[in-house]
Amino acid sequence: MSVQKSGRPIVWFAVYQLLWHLLLPLAFIRLAWRARHSIQYLGHLSERLGFGYTKPIIQNTIWIHAVSVGETRAAQPLIEAYLARGEKILLTHMTLNGRRTGKKLFSSAITAGQIRQVYLPYDLCGPVEHFLKTFKPKLGLFMETEAWPTVVFRCAEIGLPLFLVNARLSQRSAKRVQSFGKAGQALFQAFAGVLAQTVFDAERYQQLGVRNIEVVGNLKFDVPLDPAQLEKGCQWRTKLESSNRLMVCAASTRDGEEAIILKAWQALLLSNTFTVPPLLCLIPRHPERFADVANLITNMGLTFRKRSEWLDTPDACNGVKVLLGDSMGEMALYYSAASLTVMGGTLLPFGGQNLIEACAAGCPVLLGKHTYNFQQAAIDAIDCGAAKQIEGETLLNESLALVEALKSCLQNAEQLEQMARAAKQYAVDHQGATQKILTILDRQNHVFN
């Protein structure tokens, strides 16, 4: 394989660019299809091709790329630390929801001109080149798993230090990268450095030939929870408990998991285990699926209420079996109102969603067996008693196992309280990644300068 000095594999990269040009129309068709749910999907289209940026243009910034919601929230403590130093931030995203989240989290800094939000252009040579020449950042930080070849190789060629921070790499993803041979390895070797969440992640990057790796922990432990949401959630919980009713969250669920959870919930209610039936708060991960999940609940014969239909009191859920959490940015509220969370993405092989926020709110967690996206976090949470893992080899067994796990936890108030205390302590014990990352980047900055 022919490779340039920068590490860019010439033949492989040419094929990659050709495929991008062929598939580019499909990318815009996909945005148009999504615009059925929100016309905002068609906003800032020129940015996706690397031009049409409104003025003023800020340069010499810290460039942080956070593809979507989870990465944007994870970047919050790092962004706030740089803002406190007086730095300006170029914040890029790939998804509308990521951009919305960034706008909500950093509205004051955006208004003040300290943060500029744009979409990262599609990974074509021309758009990427124009993007880099327009903004001229002094340091690039890609969050978690993002590794766009055109961007990564071009940054290496022009001497722009680009780091992969809060980096994670599951065994499954590592095998996919390895399947590309030297081209896949060259991509991650082109980063100026990789700041990994765990030893597991670091070892997998090392297997790809990456040398500049340090383990820093997970930034998500440093993300502050919204105090107003925590307070409102506690008010909800107090109101529910006054009528001896508990709430269980099924959080960030993925397609196919809602059916498993609702089937288990039906069985739980029919078992007459509880004098006052608990309330299920079902929160799909993707907003475009809210309507589909609402139809699923209806088809299963369960009475429900949408969060969007009422304001600040859980009284609206009296007599209903399910609350559909069709709102964005209220996870801290849901977690603090709940006595237990079933973590989405773990019941089917999606790799799991973030359990850290639930633990920080003092909400114990039930996990399915698919936790490879948060392998170390899941292991640590289980080991300290903040979480339990559900077993089940088939969809039928998964529902049955979930029913038994729910019964076991909800019927044991003392155990739930112990798990809640362990969850809060677990979240506190693993903080500190932000300062470690800043220290390393400051040290590396002296090297590059």
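The values are calculated or read from the model by the stated rules, or taken from the named source; none is laboratory data. The structure displayed is predicted, hence computed values, not measured ones. For neighbour counting, all protein chains shown are included, and Cβ atoms are generated from backbone atoms with ideal geometry for every residue, glycine included. With ligands, DNA and RNA removed, areas are computed over all heavy atoms of the protein, side chains included. Shrake-Rupley method; radii C 1.70, N 1.55, O 1.52, S 1.80 Å.
Hey, what number do you get for the chain at 222 nm if only DSSP H runs of n ≥ 4 count, each worth -39500 (n - 2.57), divided across all residues, to the nearest 500?
Working: 18 runs with 212 residues, N = 449.
Mean residue ellipticity at 222 nm (helix-derived): -14500 deg cm²/dmol.
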Point to revise | Largest to smallest principal axis extent of the C-alpha atoms in the range 162-306, angstrom | key: 59, 34, 28
Check your understanding: In the set [x] 70, 43, 42; [y] 153, 49, 37; [z] 73, 46, 46, which value of Cα extents along the principal axes in Å was calculated from the structure you see?
Key -> [x]
Study note, to complete from the structure: One would report the antiparallel percent of DSSP beta bridges in the range 1-140, rounded to the nearest 5, as 10 percent
Review point. Which is farthest toward the positive dipole end of the chain among ALA190, TYR16, ASN373, measuring Cα position about the Cα centre, with Cβ charges +1 (Lys, Arg) and -1 (Asp, Glu)?
Key: TYR16
Check your understanding: If we restrict to alpha carbons, what Rg and Dmax does the range 194-244 come to, in Å?
Key -> 20.0, 58
Check your understanding: If you roll a 1.4 Å probe over the chain with all protein chains in place, what percent of the accessible area is carbon or sulfur?
Key -> 55 percent
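Go through 250-261, 114-125, 349-360 and give me the packing order, highest mean Cβ count within 10 Å leading. List each step's numbers first, then the result.
On the way: 250-261: 22.2, 114-125: 20.2, 349-360: 23.8.
Per-residue Cβ counts within 10 Å, averaged per peptide and sorted highest first, yield 349-360, 250-261, 114-125.
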Revision key, fill the gap. antiparallel share of DSSP beta bridges within the chain, to nearest 5, in %, is 0 percent
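Give, rounded to the nearest 20 debye, the magnitude of the charge dipole that the range 69-211 has about its Cα centre when Lys and Arg contribute +1 at Cβ and Asp and Glu contribute -1 at Cβ.
On the way: 19 positive and 10 negative charges, 41 e Å.
The calculation lands at about 200 debye.
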**Study point:** Relative packing of peptides 336-348, 413-425 - highest average C-beta neighbours within 10 Å first
**Key:** 336-348, 413-425
Check your understanding: Residue-wise, which Karplus ³J(HN,Hα) couplings in Hz belong to the range 277-288, taking 6.51 cos²θ - 1.76 cosθ + 1.60, θ = phi - 60°, and x for glycine or proline?
Key -> x, x, 9, 8, 9, 9, 10, x, 5, 10, x, 5
Point to revise | Separation of alpha-carbon centers, the range 21-87 and the range 244-288, rounded to whole Å | key: 34 Å
Revision key, fill the gap. Note on the range 163-218: alpha-carbon gyration tensor, axes a ≥ b ≥ c; rule is a/c under 1.5 for rounded, else prolate if a/b larger than b/c, else oblate; result oblate
Practice item. Counting only C-alpha contacts under 8 Å and six or more residues apart, can you give the relative contact order of the range 275-366 as a whole percent? Key: 26 percent
Revision key, fill the gap. At 25 °C in a medium of viscosity 0.890 mPa s, the range 297-420 has a Stokes-Einstein diffusion coefficient, with Rh taken as the Kirkwood radius over alpha carbon pairs, in µm² per second, of 158 µm²/s
Point to revise | Among ASN354, GLY325, VAL128 the positive-end extreme of the charge dipole of the chain (Cβ point charges) | key: VAL128
Exercise for review: Please get the size of the charge dipole for the range 304-376, origin at its Cα centre, with Cβ charges of +1 on Lys and Arg and -1 on Asp and Glu, quoted in debye to the nearest 20.
Suggested key: 280 debye
Check your understanding: Got the relative contact order for the range 61-148 handy, in percent, Cα pairs under 8 Å and 6 or more residues apart?
Key -> 41 percent
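Averaged per residue, what accessible surface does the range 340-403 expose to a 1.4 Å probe, in Å²?
Numbers: 2010 Å² over 64 residues.
Heavy-atom SASA per residue in the range 340-403 reads 31 Å².
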**Study point:** Relative contact order (%) - criterion: Cα under 8 Å, at least six apart; region: the chain
**Key:** 12 percent
Exercise for review: Beta carbons within 10 angstrom, averaged per residue: use that to sort the peptides 183-192, 9-18, highest first.
Suggested key: 183-192, 9-18
Exercise for review: Evaluate the charge dipole of the chain about its Cα centre and quote only its size in Debye, nearest 20, assuming +1 on the Cβ of each Lys and Arg and -1 on the Cβ of each Asp and Glu.
Suggested key: 1240 debye
Review point. If you take the charge dipole of the chain about its Cα centre, with +1 on Lys and Arg Cβ and -1 on Asp and Glu Cβ, which of THR434, LEU340, THR273 is farthest toward its positive end?
Key: THR434
**Study point:** Rounded accessible area of LYS306 (nearest 10 Å², 1.4 Å probe)
**Key:** 70 Å²
Check your understanding: So which residue, out of LEU438, LEU169, LEU280, gets the largest mean-square fluctuation from a GNM of the chain using Cα contacts under 10 Å as springs?
Key -> LEU438
